[in-house]
1. In a Gaussian network model over the chain where Cα atoms closer than 10 Å are linked, find which of 236, 227, 54 has the largest mean-square fluctuation.
2. Among rounded, prolate and oblate, which fits the range 53-154 when a ≥ b ≥ c are the square roots of the eigenvalues of its C-alpha gyration tensor, a/c under 1.5 means rounded, and a/b larger than b/c means prolate?
3. For the chain, modelled as a GNM with alpha-carbon contacts under 10 angstrom, which of 127, 239, 156 fluctuates the most?
4. How do 166, 130 line up, fewest other C-beta atoms within 10 Å first?
5. To the nearest 500 deg cm²/dmol, what mean residue ellipticity at 222 nm is calculated for the chain from DSSP H runs of n ≥ 4 alone, each contributing -39,500 (n - 2.57), summed and divided by the residues?
6. What does the convex hull of the alpha-carbon atoms of the range 112-256 project to on average, in nm²?
7. Which residues among the range 141-161 fall inside the zone where the amide N is under 16 Å from a point 7 Å beyond the Cα of residue 26, along Cα→Cβ?
8. Over its Cα atoms, what ratio of radius of gyration to 2.2 N^0.38 Å does the chain give?
């Protein structure tokens, strides 16, 4: 079944990818491309079924529509490099600032082997938020983990080619972080994210898709929030979130194994990023 699941998904990447490549764009698409993050993955991400690379939400939806019930996990790093796999975004003008929320789809999130009560889950959306000052300068960025998040000021995170913030992705939980490392335990900041010499990465600007629900031009998968297809996880753009009302962090201020995003945040939980 494991081999079958991977084989079917590999075929779907080729068969369905065209509908996401020729895509309508938002009024903020140029800015979204310019400031899109580079994701850096742990050197082992994609090596085993369960520790998945980002995949296509549309491909996942089509497979579930067609009755496939197996695990859908992208293990094909070449599909990332050649731009077949999209990143997704929402954007909102908030006064003079632009807030861009980038999303990454995973068909499966592995369980934590040290926590027997923590099951793996189909469907996970990784996230990263960029604040652009006056439309032309990256300011703060927000890194999202499984249950919390934290925000870093300029100079407190890496940047690629002057405009693309860098995020390190946890191997198991698929959270985003400002740094590499991790001890490999299931504690909040300890997910492995060590790219090593393999330097597996994803340049989000190579295939960037606008998440929307604006009528006849919207792809079917973006309008269908049926829990059956998405394992009960709502599509990001259908959650009713106001991007202009985000907060700087979520979680405790002391570093523990539990949710403690505010421990590494430059912005407190009662302020906007």
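1. Among 236, 227, 54, the largest mean-square fluctuation in the Gaussian network model of the chain belongs to 227.
2. Values: a/c = 2.48, a/b = 1.63, b/c = 1.53.
Prolate is the answer for the range 53-154, as a/c is 1.5 or above and a/b outweighs b/c.
3. 239
4. Details: 166 20, 130 26.
Going from least to most buried by this count: 166, 130.
5. -4000 deg cm²/dmol
6. Working: hull surface 45.1 nm².
The number I arrive at for the range 112-256 is 11.3 nm².
7. What the label zone holds, given the 16 Å backbone N cut-off, is 142.
8. On the way: Rg = 17.6 Å, N = 273, 2.2 N^0.38 = 18.5 Å.
Taking N as the residue count of the chain, the ratio is 0.95.
A short reminder: the numbers here are calculations on the coordinates, not readings from a lab. Values in this document were obtained by computation on a predicted structure and should not be read as measured data. We place every Cβ from the backbone using ideal geometry, glycine too, and count neighbours over all the protein chains shown.
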